[in-house]
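> My structure is below; once you've seen it, I'll send some questions.
FYI, it's all coordinate maths here, none of it is from the lab. The model shown is predicted, which means the values in this text are computed figures rather than measured ones. Every residue, glycine among them, receives a Cβ derived from its backbone with ideal geometry; neighbour counts consider all protein chains shown.
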Amino acid sequence: MIVNAEQALIGALMMEPRVIKDCGSIRPDMFVDALLGRIYLEFLRAHDFGYQANLVTLAANIDDVSQSELLSKLKECSDSSVTSTATGEYAEVIKNAYKARTATQIINAVQFHPSAVEKQIGETVNALEALQEDDRPKAKCLSEIVDEMAPGCFVDRERDFLYTGFPRLDDCLGGLEGGDIIVIGARPAVGKSAFVTQILTNMGIQGKRVLLYNLEMTNKQMYERLVSRQSGIMMNRIRQGKAFLGDEKERFQKANTELKRLDVWISSGVKSVGEIRRECQHMGADCIIIDYLQLIKAERHYANRASEVGDISKAIKSLAMELNRPIIVLSQLNRASEGRQTKEPTMSELRESGDIEQDASVVMLLWNLSEENERYKGVKVEKNRQGKTAKFQMEFVGEEMSFKEVEGKDFDFKPAKEKTPFD
């Protein structure tokens, strides 16, 4: 019955594309048949961008499916739909079936524990309520917004912000809040993964649930970085040591105990935004970290890489708004800064897409202050939609994968040695 409704809906769109306005709030991910969901997505794009969806455009954008399979699927859809006037009814069947499946998944995914049952029940109820409200109008009257927000201003209470654990950086950012996209850009091997791993640990110590999408490294590599930083034992000892030396055993055991207390979750391997979205909806994370943007898997074919990364960036922004959680996204920079004497990067070097800069609430850039001594890093908050920008210095201890702020005047560089590019 569900697949028949999906086929009938696509058939109706083939007969009269304009009836897509009757589809309400259904999305491609609501389809049971994944190929039909992709076909529906192409009709949505055609409607949004003002072109006609036909076999040529469908075949071009769904190029990992053979033409014969696509033609066969479209014929099934054409045979299933007798009128385009019932589009709204087909959409309602699809939406309700999706809600039933998702509600079942939400309930079945929870393994209730006595020590956390109240929190788990609350998270489950919130997820079900969000599912119920999924197709309700999102617009609010300004009067309602004023009544909702005004009481929270100028009162002595704990703000619902998240903090990186770096005092000067937190003073600049003013805390991270729901809906924020925080982009951290750097050239390869500068230390952006180590930097965000320390933020991850700091948030975990604050009692926050953090979900890391580790698209570049294995769980083993992530563990080695985390335990090295937490214990102060050098990375090469963690990786290659055959026996403990000195007090290493106590430090190692203490670090593991501390790490196990953290409510930190790590999802390794390449993923699409859709896969990330589905997992995030059930995790109840306070903050999501993606390492890194250019490794996210595309869900369709694009004419060029810039368009692909741009769409991925917009999808991440949409996810942050939907979940009302901050998302920290790492991004590579292009080589432009390598030709400058100071090596100081700019936002324009965010690799492959200006959309990243546009979608971000905060853009931070990292770079090596000196080619001879990579221990000292420049950190620049180049964009901060809700606060001030700044530029300051951090020290990176690569042997332990740890960063620390260099003392000095607020947001000024303190020379790391006799001469730096900032002298």
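> Based on Cβ point charges of +1 for Lys and Arg and -1 for Asp and Glu, what charge dipole magnitude is obtained for segment 167-405 about its Cα centre, in debye rounded to the nearest 20?
Working: 37 positive and 34 negative charges, 72 e Å.
Using Cβ point charges on Lys, Arg, Asp and Glu, segment 167-405 gives about 340 debye.
> Quick check on the chain: helices-only [θ] at 222 nm, where DSSP H runs of length 4 and up contribute -39,500 (n - 2.57) each and the sum goes over total residues. Nearest 500, please.
On the way: 15 runs with 184 residues, N = 423.
Result for the chain: -13500 deg cm²/dmol, rounded to the nearest 500.
> Looking at segment 2-105, I'd like the Rg to Rh ratio, where Rg is from alpha-carbon atoms and Rh is Kirkwood's inverse mean 1/r.
Result: Rg/Rh = 0.94.
> Additional query: Would you be so kind as to identify all helices of the chain, as entire DSSP H runs, whose Cα atoms reach 24 Å or more along the helix's own axis and whose mean Kyte-Doolittle hydropathy is at least -1.0? Show your work: numbers first, answer last.
Numbers: long enough: 87-109 (33 Å, -0.36); 305-323 (27 Å, 0.13).
Once both thresholds are applied, what remains is 87-109, 305-323.
> Pop a pseudo-label 7 angstrom from the Cα along the beta-carbon direction at both Lys242 and Met321 and give the gap in nm to one decimal.
Each label point is offset 7 Å from its Cα along the Cβ direction, giving 5.8 nm.
> How far, in nm, would the chain grow between Tyr302 and Glu405 when pulled straight, counting 0.36 nm per residue and subtracting the alpha carbon separation?
On the way: separation 103, 0.36 × 103 = 37.08 nm, distance 4.13 nm.
Fully extending the segment from Tyr302 to Glu405 adds 33.0 nm.
> Further question on the same structure: Note down, for the chain, the three equivalent ellipsoid semi-axes (square root of 5 times each alpha carbon gyration tensor eigenvalue), biggest first, whole angstrom.
Those come to 43, 25, 23 Å.
> Roughly how many debye, to the nearest 20, is the charge dipole of the chain about its Cα centre, given +1 on each Lys and Arg Cβ, -1 on each Asp and Glu Cβ, and no other charges? Each step should come with its number before you reach the end.
Details: 57 positive and 65 negative charges, 217 e Å.
Dipole magnitude for the chain comes out near 1040 debye.
> Out of Gly274, Leu259, Asn108, whose Cα points farthest toward the positive end of the dipole of the chain (charges: +1 Lys, Arg; -1 Asp, Glu; placed on Cβ)?
Looking along the dipole axis, the top candidate is Leu259.
> Put +1 on the Cβ of each Lys and Arg and -1 on the Cβ of each Asp and Glu in the chain; which of Pro17, Gly50, Gly185 then has its Cα farthest toward the positive end of the dipole?
Gly185
> Filter the cross-link list Lys119/Lys377; Lys119/Lys271; Lys260/Lys391 down to pairs whose alpha-carbon distance in this structure exceeds 30 Å.
Correct reply: Lys119/Lys377; Lys260/Lys391.
> Counting other beta carbons within 10 Å of each Cβ, put Arg251, Arg101 in order, fewest first.
On the way: Arg251 16, Arg101 13.
In order of increasing Cβ crowding within 10 Å: Arg101, Arg251.
> Cα-Cα over 32 Å: which of Lys75/Lys297; Lys21/Lys192; Lys208/Lys343?
Beyond 32 Å: Lys21/Lys192; Lys208/Lys343.
> With a 10 Å Cβ neighbour count serving as the proxy for reagent exposure, in which order, fewest first, do Tyr98, Tyr223 appear?
Lowest to highest Cβ neighbour count: Tyr223, Tyr98.
> Need one number: % antiparallel among DSSP beta bridges in the chain, to the nearest 5.
Rounded to the nearest five, the antiparallel share is 45 percent.
> Using only the alpha carbons of segment 167-405, determine the length spanned along each of the three principal axes and report them from longest to shortest in whole angstroms.
56, 47, 35
> Right, another one. Considering only DSSP beta bridges where both residues belong to segment 167-405, give the percentage that are antiparallel (nearest 5).
45 percent
> Right, next: Order of Lys388, Lys377 from fewest to most other C-beta atoms within 10 Å?
Going from least to most buried by this count: Lys388, Lys377.
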